[in-house]
Amino acid sequence: MLYEAVRENLATLLEEASEVGRGLPRYVERDFARYLECGVLAHGFARVRCKICKDELLVAFSCKGRGVCPSCNAKRAHVRAVHLVEQVLPHVPYR
């Protein structure tokens, strides 16, 4: 639903923001544009092949955005949590 809302209304948002003032910062526009390309095979992918069974899988590139994309934000949160548990916090029981 978020993807559809952004895709259908981004042009209007950018246009209205530029009419009101200076518009949105470039990094915000860039994050929205990358979000619309995130996970879409047409915008780039890697081919992953299993050495044992020779099965292939196409993995679409992600936007690695920090503001809009829930998928990339979840990935970033997971990586940070793993880092905290394995590298930062002492190995003691937690509640």
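Every read-out reported here was derived from the displayed coordinates using simple, explicitly stated rules and does not represent laboratory data. Here the structure is a predicted model, which is why all the values come from computation and not from measurement. Because the Cβ atoms are built from the backbone with ideal geometry, glycine has one as well, and the counts that use them run over all protein chains shown.
Cross-link partners for LYS75 among the lysines, with Cα-Cα distance under 16 Å and sequence neighbours closer than 8 places in the same chain left out: LYS64.
Two tests apply to each whole DSSP H helix in the chain, Cα reach of 15 Å or more along its axis and mean Kyte-Doolittle hydropathy of at least -1.0, and the ones passing both are 2-20, 70-83. Rg and Dmax of the range 2-88, based on Cα coordinates, read 17.3, 58 Å.
Expressed as a rounded percentage, what relative contact order does the chain have, with Cα pairs under 8 Å and six or more residues apart?
Relative contact order here is 19 percent.
Loop-located trypsin sites (Lys or Arg not before Pro) across the range 27-80 with a Cβ neighbour count of 15 or fewer within 10 Å are LYS51, LYS54, LYS64, ARG66, with loop assigned by DSSP. When shorter helices are ignored and each DSSP H run of at least 4 residues is given -39500 (n - 2.57), the per-residue value for the chain at 222 nm works out to -15500 deg cm²/dmol. Distances between every pair of Cα atoms in the range 51-93, grouped in 5 Å steps from 0 to the bin holding the largest one, split as 5, 18, 15, 14, 13, 15, 13, 7, 1 percent. Sorted fewest first by neighbouring Cβ atoms within 10 angstrom, TYR27, TYR35 come out as TYR27, TYR35.
Neighbour counts of C-beta atoms inside 10 Å place ASP31, ASP55 in the sequence ASP55, ASP31, starting with the fewest. Centre-to-centre, using Cα atoms only, the range 9-26 and the range 36-88 are separated by 30 Å.
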